[in-house]
Every structure is written in structure tokens, then in C-alpha cells.
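Structure, as C-alpha cells:
What follows is calculated from the coordinates using simple rules that are stated; it is not laboratory data. Computed from a predicted structure; not experimentally measured. So basically every Cβ, Gly included, is an ideal-geometry build from the backbone, and we count neighbours across all protein chains shown.
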Amino acid sequence: MTSYPAVKICGLTRPEDASAAAEAGADFLGVVLVPGTPRAVTPGQARGVVEGLGVPPVVVMADEPPGEAERMAEMVGARIIQLHGDELPEYASGLAERGPWKIWKALRVKDIEDVFRGIGMYGGIVDGLLLDGWHPRHRGGSGVPFDWREVEGIRASFPEGLRFIAAGGLRPENVEEAVRRLAPHVLDVSSGVEVRPGVKSRNKIHAFIRNARRPGRGDGS
């Protein structure tokens with residue numbers, strides 16, 4: 001039976017955008033709790049954006065003290081904590097034990113060796129590795145893709161139980177190619193479905209999810 005990647009709409013700042021994502025069939029709703037970034041919201045605001053929609057919330061953090069990370073995740077009702085800083089494997093392992101959430105670790109990818117290093121460091125510890133485009137200043141949400149051709153087929157190197165999340169530069173116009181080349185477990189999109197930072201386009205959200213799930217594009221995961 002053909003199956004398709006799950007879709008996470010990230011960088012949500014408005015309840016109406018989260019509702020549009022849920023209506024379109026998004027599998028995860030992402031909120032960014034990294035102060036000073038373009039789509040940052042407070043934990044209280046984040047809860048107001050995602051609550052009551054029946055879609056698992058993902059909270060994006062970077063280098064928070066474990067106790068503060070736990071507090072923020074609980075406030076939002078997070079099902080997944082996505083780590084975008086310099087968190088080490090022992091940090092991720094300890095945070096996983098503090099609550100009912102799963103942990104995804106983001107990697108900014110310059111080349112395929114970055115991916116192999118990430119698998120070696122975090123495999124067996126986190127639930128997913130998110131591959132994002134490398135940017136010298138931004139830790140995520142820059143809309144910069146990594147080289148899909150270089151890492152094509154990388155999913156085969158992911159151990160059982162480690163999800164492959166593809167991010168960076170995804171748009172409705174290129175998501176079919178991303179699915180075909182990468183066969184990720186999850187697609188993560190933010191700027192590619194926006195009108196401007198933090199404001200989503202309902203039409204782009206629907207188009208992205210529709211194109212990600214076109215017949216014949218599934219990978220059988």
C-alpha cells in the first residue's frame with residue numbers, strides 16, 4: 001500500500017493559519033520558541049495558536065536550560081520538541097526523560113558527511129533528525145535548501161526508529177521532487193507557504209500538502 005510523508009507546517013504565529021493547516025490535513029503544527037527569530041512566539045501565544053485543533057504540536061527551541069525547555073513544552077502541550085541549537089546527545093536524552101514528548105534534532109547540512117555524523121551522534125537517542133539547509137547566521141527558517149542530489153538515498157542509512165525530516169527551501173512547486181529524491185518520513189515547511197514571515201497563505205498550505213501526496217509519489221514507508 002502506498003503511503004506518503006507526514007507534513008509539518010512550522011513557524012505558525014496565528015490561530016487562523018494553524019486552523020488552515022489542520023483543515024488541509026497537516027500532521028504536525030510547529031511553533032518557534034526561539035526569541036529574536038522572525039516567527040518567534042511566547043509559550044502562551046503558542047498554546048493559543050495550536051490548541052484545540054487535534055493536531056500534534058511541535059515546539060522549536062534552541063539551547064534552552066533543561067528545566068526551562070520542560071516548562072515551555074508543558075505550557076504548549078508539546079508532543080515533539082525540535083532542537084535547533086548546539087544541544088548534545090546527553091541533553092536530548094535527558095530532555096526526553098522529562099516528559100511525554102519525542103525529540104527531533106535539527107542539523108544544518110553542508111554535505112553528506114554532516115548527515116552521517118548526525119546519525120552517529122544522535123541515532124538511538126532522538127526520534128528524528130531534521131535536515132535543514134546550512135546558513136551562516138540562521139539556525140532555521142531561512143528557506144535555504146541542502147543539496148538533495150548529494151544526499152539522495154540517505155534514508156537507507158537511517159537506523160530503524162529514527163525518522164528523517166526534510167526541511168529547508170521546500171515549496172508547493174518543488175515538494176514533489178523532494179519526495180521523489182529523498183523519500184523522507186516527514187516534510188517540514190515554513191517560509192515556503194508564507195505571504196511574509198509568520199503569516200501563512202491558506203492556498204499555499206493546501207497546495208503544498210496536495211502536491212506532497214500526489215498519487216505515485218509515496219515511498220511505502
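Please give the net charge around MET72, taking every other residue with its beta carbon less than 15 angstrom from that of MET72, where Lys and Arg add +1 and Asp and Glu add -1. So the environment of MET72 carries a net charge of -3. Rounded to the nearest 500, the helix-only mean residue ellipticity at 222 nm of the chain stands at -9000 deg cm²/dmol, with each DSSP H run of n ≥ 4 adding -39,500 (n - 2.57). Close amide H contacts of GLU87 (hydrogens built in the peptide plane, cut-off under 5 Å, sequence separation of 5 or more or a different chain): ASP63.
How long are the three semi-axes of the equivalent ellipsoid for the range 12-87, computed from the Cα gyration tensor as the root of 5 times each eigenvalue, in whole Å, largest first? Taking √(5λ) for each Cα gyration eigenvalue gives 21, 12, 11 Å. Say R0 is 22 Å: what FRET efficiency, to the nearest 0.05, do ARG149 and ASP86 get from their beta-carbon distance? That gives a FRET efficiency of 0.20. Maximal additional length on extending the ASP111-GLU97 stretch stands at 1.9 nm, based on 0.36 nm per residue less the C-alpha distance. Using the Cβ of PHE28 as centre and a radius below 9 Å, the other residues enclosed give a net charge of 0, where K and R count +1 and D and E count -1. Peptide packing: for 76-88, 190-202, the average count of neighbouring Cβ atoms within 10 Å per residue gives the ranking 76-88, 190-202, highest mean first.
Basic side chains Lys and Arg get +1 at the Cβ, acidic Asp and Glu get -1 at the Cβ, and with that the dipole of the chain about its Cα centre reaches some 720 debye.
With the convex hull drawn over the C-alpha atoms of the chain, the volume per residue is 112 Å³. Across the chain, the relative contact order, built from alpha-carbon pairs under 8 Å that are at least six residues apart, equals 23 percent.
To the nearest 0.05, how large is the calculated FRET efficiency for ARG196 and ALA156 if R₀ is 22 Å and r is the Cβ-Cβ distance? FRET efficiency, ARG196 to ALA156: 0.05.
Taking a sphere under 14 Å around the Cβ of GLY99 and counting the other residues whose Cβ falls inside, with K and R at +1 and D and E at -1, yields a net charge of -2.
Highest mean packing comes first when the peptides 5-18, 39-52 are listed by Cβ atoms within 10 Å, giving 5-18, 39-52.
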